[in-house]
């Protein structure tokens with residue numbers, strides 16, 4: 001006799017071939033359940049281990065570089081927690097957005113373990129995502145079929161977007177982990193609306209907002225469904241303390257953002273506030289936005305196979321549990337976020353800022369699992385084979401679809417070697433000016449501080465919502481204060497006359513076999 005998936009308790013059907021009612025309203029985890037969940041998490045960790053030592057050049061490399069800069073400056077004592085500093089915005093370089101909890105922890109881990117800061121940050125992001133996946137599983141397992149919760153856990157770990165961005169050095173995975181913890185606490189409150197549970201929910205709401213204010217888009221709708229949805233709603237005297245705790249948590253988080261605003265009024269920093277080029281309704285009337293949004297959701301969140309399974313899942317006949325409706329509301333909130341911050345989708349250097357869709361993965365897992373279980377129920381004795389084939393197809397396609405996001409641009413293959421030459425030709429205190437497509441990343445690996453200008457394409461600059469091209473006066477001002485000007489990819493310069501200005505009046509230093517160009521403003525080193 002061969003092994004059959006439906007021999008496991010969590011995948012066993014009732015004699016009629018349908019899920020028993022007890023299971024559909026949540027079931028008690030078994031040793032098999034724990035073993036399968038632990039196995040999925042372990043595989044999720046192991047498949048990402050090779051990525052932990054990679055340089056921060058893939059995906060949203062600029063965002064990763066900023067997080068790493070803050071961590072390095074905190075570790076070196078150049079910055080303090082209340083005033084994080086990046087290296088690519090001149091002096092003093094304050095860049096105060098989300099609270100720098102992730103870079104601070106990465107700095108501590110690096111100091112305690114001697115791991116490079118890049119590796120410590122990637123490890124922190126990966127662990128946060130695995131914790132988020134586990135919390136999501138625990139929340140579902142209390143109210144839906146345990147096999148459905150396991151399928152959702154599988155997708156939370158192996159969706160292409162998760163595969164690409166779980167080991168990224170940025171706040172997003174930690175913020176989603178905290179928001180999912182808040183969601184689970186709200187599930188517990190709905191079951192037993194205690195005052196202490198409301199206080200804990202308010203605390204985790206505050207922590208989530210501090211890590212990423214965007215979480216309000218998905219956490220607020222999910223919370224509204226859990227508080228006001230379904231039958232047997234708690235009386236108002238029960239949910240008022242929860243509302244007060246949530247508002248208090250939001251006010252507590254807002255103190256950090258008021259602090260950030262006060263610093264940036266004194267030291268203006270482009271891109272440090274939502275008001276600076278984030279919201280552009282005109283983008284909603286362009287085909288580019290909708291094509292890119294569709295790509296991110298259909299390819300990176302669901303995969304084409306997952307889209308088909310989700311459509312099959314719509315055929316389910318049983319009613320959804322309130323937990324599921326809260327997740328659907330969560331997903332709707334993520335889509336509203338996409339519409340509000342449509343300008344993020346024209347950021348070609350960050351793959352359309354596709355990591356904004358990470359919060360949509362739990363919802364995708366819910367819908368995909370519906371489809372898998374529908375096919376299983378209709379396949380009769382071949383149900384376990386159907387589940388296995390579906391998981392095989394999803395699991396093998398995800399890394400392929402994530403490959404582009406995980407692969408650095410081809411012209412970045414010499415970045416580390418070129419930056420080593422730059423460090424040998426310059427001093428750490430020398431002010432730099434860098435022209436490149438991800439210039440902050442260049443400064444991070446060159447371990448220098450200065451000002452940067454991104455070389456965008458004319459196509460991107462013509463789109464609604466695109467940031468204005470740097471003015472000549474801005475560039476001239478930066479040139480006057482720079483000691484060195486660096487072109488890591490001189491072929492990206494559209495105007496040959498621009499480079500000629502430096503060739504005529506600056507001294508070019510020998511970068512060896514590299515195509516990069518490094519110019520010094522007169523005098524000796």
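Coordinate-derived values only; no laboratory data. Bear in mind that the values here come from a model prediction, so they are computed numbers and not experimental data. Glycine gets a Cβ as well: all are built from the backbone with ideal geometry, and neighbour counts include every protein chain shown.
In percent, rounded to a whole number, the relative contact order of the chain is 17, using alpha-carbon pairs under 8 Å and six or more apart.
Helix 383-406 and the long axis of the chain differ in direction by around 10°, with both axes built from C-alpha atoms. Take every DSSP beta bridge with both residues inside the chain and express the antiparallel ones as a percent of the total, to the nearest 5. Within the chain, antiparallel bridges account for around 55 percent of the total. I need the calculated FRET efficiency for the pair residue 414 and residue 251, taking r as the beta carbon distance and R₀ as 56 Å, to the nearest 0.05. According to the calculation, E is roughly 0.70.
Applying 0.36 nm per residue to the separation of residue 112 and residue 328 and subtracting their alpha-carbon distance, the gain on full extension is 73.6 nm.
Each of 118, 494 has some number of other Cβ atoms within 10 Å of its Cβ, and from fewest to most they run 494, 118. Highest average first, the peptides 361-369, 138-146, 39-47 ordered by how many other beta carbon atoms sit within 10 Å of their residues are 361-369, 138-146, 39-47. In the chain, the longest principal axis of the Cα atoms and the axis of helix 101-113 are about 80 degrees apart. The distance linking region 303-375 with region 55-102 is 31 Å (Cα centroid to Cα centroid, whole angstrom). Per the Cα gyration tensor, region 102-158 maps to an equivalent ellipsoid with semi-axes of 32, 10, 6 Å, ordered largest to smallest. Neighbour counts of other Cβ atoms within 10 Å put 214, 264 in the fewest-to-most order 264, 214. For the chain, the 222 nm mean residue ellipticity estimated from helices alone, with every DSSP H stretch of n ≥ 4 adding -39500 (n - 2.57) and the total spread over all residues, rounds to -18500 deg cm²/dmol.
For the peptides 309-317, 437-445, residues were scored by their other Cβ atoms within 10 Å and the scores averaged per peptide; the highest-first order is 437-445, 309-317. Evaluating kT/(6 pi eta Rh) at 20 °C and 1.002 mPa s, with the Kirkwood radius of region 290-390 over Cα pairs in the Stokes-Einstein relation, gives 146 µm² s⁻¹.
Take the Cα of residue 393, step 7 Å toward its Cβ, do the same at residue 311, and the gap between the two points is 1.2 nm. Of the labelled figures (i) 26.1, 86; (ii) 24.1, 93; (iii) 25.1, 87, only one reflects Rg and Dmax of the Cα atoms in Å as derived from the coordinates, namely (iii). Take 503-512, 282-291, 201-210 and order them by the average number of nearby Cβ atoms within 10 Å per residue, most first; the result is 201-210, 282-291, 503-512.
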